[in-house]
Amino acid sequence: MADSIYHEMKKEGVSRRDFLKFCGLVAGAIGLEALPPVAGFHDVAAKNEQPLVEWVAQALESKPRLPVIWLEFQDCAGCTEALTRSQSPTLVDLVLNKITVEYHETLSAAAGFQVEGAKQMAMKKYAGQYILVVEGSISTADDGVYCTVGGRSSLDLLKEAAAGAAAIIATGNCSAFGGLPRAKPNPTGALGVAEIITDKPVVNIPGCPAIPEAFTGTLAHFLVFGSLPELDHLLRPKTFYGVTVHDRCLRRPFYEAGKFAASFDDEGARKGWCLYKLGCKGPTTYNACASMKWSGGLSFPIQSGHPCLGCSEPNFWDGGGFYQGQSAPLQRSNLTQVGIAAATGVALGAGVGIANARRRKKPVHSTEPEKKE
Amino acid sequence: MDWNKILEFARGPFFNVALLVFVAGMVYRLVRVVSLGWSPDRVPARGSKAKGVALSFLKGILIWPFIPWVKGTFKRNPIIYLAGGLFHLGLFVVIILGTPHMLVWKSLLGIGWPTLPLPIVDWLAAGAIVAMIILAINRVINPVLKLISGPAEWLNLLFVFLPMVTGYMMTHHLFFRYEVLYSLHMLAVDVMLIWIPVSRISHFMFYFFSKAIHGADFGKRAVTP
């Protein structure tokens, strides 16, 4: 049995006090207010009434490090960038050191056959135990020729790695729902992970990029409880994707008051009014941006003056213009279409009118003598 | 069920088609009504027709909100008169002066306008919904109305009620997720748009015709409408 995470940390000179602090941070990262409904844990928790931090500490003291294999397909590495530049160093530390990243194309120092070989070894060694993280969509059109790594298609690589995974985390909109590569007309036949892998637990952490804390929180949840957190119908953890951006938005009072910025440089924009009229997709976007924010809680798009694009929702790229109000229709008829519709109406009206007039001619003749004045 | 797909359909192609059907249908009705023409006027007019028309419209616009009690309809059944008025006022404010609806107009017409704060629109929407319920109850218990109410009348009520209720629930995030309610709202609106030309909801256009014709008749006879 490999050393537990606590033992590894102890070896690195981390004190018990610092370890418990770290556990508190992890509990926070999971987004735990109370113990989640995880089989086994809940009953014990109800009896013992242990503080959450102790649960986390117990888990980290008894569990070995978590092997992770990270695959990148049709992506921009933005989710990795966001994670490595996250302003919560201890959380990145958690992901990059306390779990074992066995394979990661962007972060690996090694390259070529050696690193592919290392991946194969890791998949064998940790079969059934590792977490597979997928970043980027999977190309399925034309036998997947549009995205290959080491001469093999993304579809092939995903299926191979998924076979031995304990669970799959799809980070970013691309791997969750197909993302930008899937935008119309979707030339590469891009799909999200959950549409391809149906026999393994998949959790989606959509976003463009995914909020690093949402990713690490989900991973920490798996580390502590050995299972995935509670998911919504789009397989997103409810902890982070339970409410809309609109619901937690700092500009929400202005929405209620009917105070809107009408352009990016008018008085309303300078006063920080609601960006709904500028196309904000906050009301239909489920994500934690407004509450967790970015860069260590510094800001998020709406706070910085830009409407939400809805990047944690499927097909956000094709969901109408970014700067078009959300209530506006997705398709608009051009004048020709409206003209054709109106002309159809005129033709129908005239046709029916003429037909009726012809039919009426005879009876009018016969009823004329009965007319009284 | 993937509600995002349903929403995309209801906001996209379905709405577009419904709008075109609405335009074609209303133009058809308009052509049919206009082609009826004025009935021949063989009697010399005793008063000004134009004045009668102007007066008729002025009364229609001013009496309800300001002095409803001068009308017999109001005296006989004030609750129904007020419910009808409140419903129309709420509907007008919601679809013209509600921000999300103004953005729909803006995307269709290319021009936008200032809107009212949400709480005001919200209360009027709630008022309109309550008014609709009162009117529906009245239709059930009033013997004369019951007699002249066929399936079309009930469908009128239903097809207007559904967009109102789903819109209200959507604003307040009641019972279902936002995109579910948004989808239901748009589907209800689409169905209503297709229904309007074949139903009496088309009175939003023909009201002005009948007001003009009645006004001209009153003016001709030199009586106050």
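Here are a few things to note about the model shown:
- Restricting the stretch A:237-254 to residues that are basic (Lys, Arg) and open to solvent by less than 60 Å² (accessible area, probe 1.4 Å), the residue that is farthest from A:Phe300 (Cα to Cα) is A:Arg252.
- Restricting attention to the stretch A:317-335 and to residues that are at the interface with chain B (Cβ under 10 Å from one of its Cβ atoms) and within 20 Å of A:Phe264 (Cβ to Cβ), the residue that is surrounded by the fewest Cβ atoms within 10 Å (Cβ to Cβ) turns out to be A:Gly321.
For (1) open to solvent by 70 Å² or more (accessible area, probe 1.4 Å); (2) in contact with a Lys or Arg (Cβ under 6 Å, 6 or more places away or on another chain); (3) farther than 23 Å from B:Ala216 by Cα, each residue gets a yes or a no:
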site	(1), (2), (3)
B:Arg32	no, no, no
B:Pro40	yes, no, no
B:Ala50	yes, no, no
B:Ile79	yes, no, yes
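- Boolean, A:Ser137 is modelled with pLDDT of 90 or more and among the hydroxyl-bearing types (Ser, Thr, Tyr): yes
- Any hit, the stretch A:336-346, residues being more than 9 Å from chain B (Cβ to nearest Cβ) and more than 16 Å from B:Ser35 (Cα to Cα): yes
- Within the stretch A:164-178, the residues that satisfy the criterion of being open to solvent by 10 Å² or more (accessible area, probe 1.4 Å) and modelled with pLDDT of 90 or more are A:Cys174, A:Phe177.
- Residue within the stretch B:174-195 that is farther than 30 Å from B:Lys51 by Cβ, open to solvent by less than 20 Å² (accessible area, probe 1.4 Å), without any contact (Cβ under 8 Å) to a residue 24 or more places away in the chain and polar (S, T, N, Q) present: no
- Residues in the stretch A:262-271 that are within 12 Å of chain B (Cβ to nearest Cβ) and part of a loop (DSSP other than H, G, I, E, B): A:Ala262, A:Ser263.
- Qualifying residue in the stretch A:53-76 (condition: assigned by TED's automatic domain parsing to the domain that holds A:Glu230, modelled with pLDDT of 80 or more, open to solvent by 40 Å² or more (accessible area, probe 1.4 Å) and in a helix (DSSP H, G or I)): no
- Of the residues making up the stretch A:298-310, those that are more than 14 Å from chain B (Cβ to nearest Cβ) and in contact (Cβ under 8 Å) with a residue 60 or more places away in the chain are A:Leu298, A:Leu309.
- Residue that is farthest from B:Pro100 (Cα to Cα) [pool: residues in the stretch B:169-184 that are within 10 Å of chain A (Cβ to nearest Cβ) and not in a helix (DSSP H, G or I)]: B:Arg177
- Candidate set: the stretch A:272-297, residues that are of a type in the set (Ser, Thr, Tyr) and more than 9 Å from every other protein chain (Cβ to nearest Cβ); chosen: the one surrounded by the most Cβ atoms within 10 Å (Cβ to Cβ): A:Thr285
- So B:Leu20, is it touching a residue at least 40 places away in the same chain (Cβ under 8 Å), open to solvent by less than 60 Å² (accessible area, probe 1.4 Å) and aliphatic (A, V, I, L, M): no
- Some residue of the stretch A:208-228 being in contact (Cβ under 8 Å) with a residue 60 or more places away in the chain, surrounded by 21 or more Cβ atoms within 10 Å (Cβ to Cβ) and within 21 Å of A:Cys147 (Cα to Cα): yes
- Per this entry, A:Leu234 is counted among residues that are assigned to a loop (DSSP other than H, G, I, E, B), surrounded by fewer than 24 Cβ atoms within 10 Å (Cβ to Cβ) and hydrophobic (A, V, I, L, M, F, W, C).
Results for (1) surrounded by fewer than 19 Cβ atoms within 10 Å (Cβ to Cβ); (2) part of a loop (DSSP other than H, G, I, E, B); (3) in contact with a helix residue (DSSP H, G or I) (Cβ under 8 Å, 6 or more places away or on another chain), shown as yes or no for each residue.
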residue	(1), (2), (3)
A:Ala109	yes, yes, no
A:Ala118	yes, no, no
A:Ala122	no, no, no
A:Asp142	yes, no, no
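- Summed over the stretch A:192-207, the residues that are of a type in the set (A, V, I, L, M) and surrounded by fewer than 24 Cβ atoms within 10 Å (Cβ to Cβ) give a count of 3.
- Taken over the stretch A:283-320, the residue count meeting the criterion of being part of a loop (DSSP other than H, G, I, E, B) and within 25 Å of B:His173 (Cβ to Cβ) is 20.
The values are calculated or read from the model by the stated rules, or taken from the named source; none is laboratory data. All values reported here derive from a predicted model rather than from experimental measurement. Counting neighbours? That spans all protein chains shown, and the Cβs are built from the backbone with ideal geometry, glycine included. Please note that ligands, DNA and RNA were not included when accessible areas were found on the heavy atoms of the full protein model with its side chains. Shrake-Rupley method; radii C 1.70, N 1.55, O 1.52, S 1.80 Å.
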